[in-house]
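The values are calculated or read from the model by the stated rules, or taken from the named source; none is laboratory data. These figures come from a predicted structure and were not determined experimentally. All Cβ positions, glycine included, derive from the backbone under ideal geometry; neighbour counts span all protein chains shown. These area figures cover heavy atoms from the full protein model, side chains too; ligands, DNA and RNA do not enter into them. Shrake-Rupley method; radii C 1.70, N 1.55, O 1.52, S 1.80 Å.
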Amino acid sequence: MDKKNIDWSHLGFGYIKTDKRYVSNYTEGAWDEGALIEDDMITMSECACVLQYSQTIFEGLKAYTTENGKTVVFRPDLNAERLASSAKRMEMPVFPEERFIDAVEQVVRANEAYVPPYGTGATLYIRPYMFGINPVIGVKPADDFQFRVFATPVGPYFKGGAKPITIKVSDFDRAAPHGTGFIKAGLNYAMSLHAIVTAHKEGFDENMYLDAGTRTKVEETGGANFLFVTKDNKVVTPKSNSILPSITRRSLMTVAKEYLGLEVEEREVFFDEVKDFAECGLCGTAAVISPVGKIYDHGKEICFPAGMEKMGPVTQKLYDTLTGIQMGRIEDKFGWVREIK
Ligand SMILES: *Cc1c(COP(=O)(O)O)cnc(C)c1O
């Protein structure tokens, strides 16, 4: 397969239009058979539910080339399952999980020329999403929906190695205790935009959100879950009903336990204990793990021992093992990597 003439290792994380996308429409209570199309534009009513009341959910995963030249995606079954859970909470119809995986595969196959070659650090980012498309003015869910999947090539998240970032404890809240924090919905991002712009203006890379109810427990950032490592090498991740269940974080916890033989804990993490951890990282599909070097909390700083130049040793091992499994350099014991044939 001839690849597009793209400078893969200098790509940023931006949208580039690719050749084909998948579309399926839900009308009169049923999904149509779906198809790959070329048109990247969407025409809808000015009063579409998604435009007025933000009835929209999404997923994110990556396709890439392994060491032995296979095109693969990572655990798409979990994205399918998570979109279904988001749909239920948002009063949207579930797009059947096996059809979700098939749609992702069709889009990757149709845009194979945009799947970056092995070793470039770049990937093909895949964005499945669904939204309410018919006109709705009185507040209620839409009746008609569109499910789409597009793909866009993105560059290596860290150019020249993963440097630890500095985050701040936010004064804003991300998710309410009985709200929508556990689903992947655009609305959770809309309300985080002001908080992230504010953090960037103040010179921070990301926000750490605490639980909105008590402001004593660690939740997550705008788009990544936390992983901590204790001084005796236990891997700890916060448990809460308002955290989005990151597939990367769940995979890293399994890697910690089953590949590295480390003790793992998913439990409430009080902000007060964060200063006692040895390492801190953010996990998500885009970066796998971004090491956190420093946390700023209203005039006080928590500095992790690994410093601002490199990842902590356990974080590095987790990162190397998971990316090794993804790239086909380490045995895929649990069948996480799915080949696109
Ligand atoms: C998507 C997302 C993550 C990361 O999930 P992955 O499945 O690992 O990509 C974490 N937090 C939020 C709020 C998200 O939307």
Checklist (1) within 21 Å of the chain's Cα centre (by Cα); (2) at pLDDT 95 or above; (3) open to solvent by 60 Å² or more (accessible area, probe 1.4 Å) applied to Ile196, failing item
(3)
Going by what's in this entry, would Gly324 be described as within 18 Å of Leu210 (Cα to Cα) and surrounded by fewer than 18 Cβ atoms within 10 Å (Cβ to Cβ)?
no
Residues satisfying the stated conditions in the range 206-230, i.e. away from the ligand (no atom under 11 Å from the Cβ), open to solvent by less than 10 Å² (accessible area, probe 1.4 Å) and among the β-branched types (Val, Ile, Thr)
Val218, Val229
Select from the range 297-318 the residues that are part of a strand (DSSP E or B) and open to solvent by less than 70 Å² (accessible area, probe 1.4 Å) and write down the one among them that is farthest from Ile165 (Cα to Cα).
Asp297
Criterion violated by Ala306 - all others in (1) in contact with a helix residue (DSSP H, G or I) (Cβ under 9 Å, 6 or more places away or on another chain); (2) of a type in the set (Gly, Ala, Ser); (3) under 27 Å from Ile183 (Cα atoms) satisfied
(3)
Out of all the residues in the range 112-128, which are of a type in the set (Phe, Trp, Tyr) and either surrounded by fewer than 19 Cβ atoms within 10 Å (Cβ to Cβ) or more than 26 Å from Thr152 (Cβ to Cβ) (or both)?
Tyr118
For the range 129-154, how many residues are open to solvent by less than 10 Å² (accessible area, probe 1.4 Å), touching a Ser or Thr at 6+ places or on another chain (Cβ under 8 Å) and β-branched (Val, Ile, Thr)?
2
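Could you please let me know if Thr254 is at pLDDT 95 or above, polar (S, T, N, Q) and within 14 Å of the ligand (Cβ to nearest atom)?
Judged against the criteria, Thr254 is a match.
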Selection count where residues are open to solvent by 10 Å² or more (accessible area, probe 1.4 Å), aliphatic (A, V, I, L, M) and within 30 Å of Cys47 (Cα to Cα), scope the range 74-111
3
Any chance Glu273 is over 21 Å from Asp232 (Cα atoms) and either open to solvent by 10 Å² or more (accessible area, probe 1.4 Å) or in contact (Cβ under 8 Å) with a residue 12 or more places away in the chain (or both)
no
Complete set of residues in the range 145-173 that are assigned to a loop (DSSP other than H, G, I, E, B) and aliphatic (A, V, I, L, M):
Ala162
Just give me the residues in the range 89-116 being more than 19 Å from the chain's Cα centre (by Cα) and charged (D, E, K, R), in sequence order.
Glu91, Glu98, Arg99, Asp102, Arg109, Glu112
Assuming Phe182 fulfils every condition listed in (1) within 22 Å of Gln326 (Cβ to Cβ); (2) within 16 Å of the ligand (Cβ to nearest atom); (3) surrounded by fewer than 20 Cβ atoms within 10 Å (Cβ to Cβ) apart from one, which condition is it?
(1)
Filtered residues of the range 94-119 (kept if of a type outside the set (Gly, Ala, Ser) and either without any contact (Cβ under 8 Å) to a residue 24 or more places away in the chain or in contact with a Pro (Cβ under 7 Å, 6 or more places away or on another chain) (or both)):
Val94, Glu97, Glu98, Phe100, Ile101, Asp102, Val104, Tyr114, Pro116
For residues that are over 25 Å from Gly213 (Cα atoms) and in contact (Cβ under 8 Å) with a residue 60 or more places away in the chain, scanning just the range 231-249, find the one that is surrounded by the fewest Cβ atoms within 10 Å (Cβ to Cβ).
Asn233
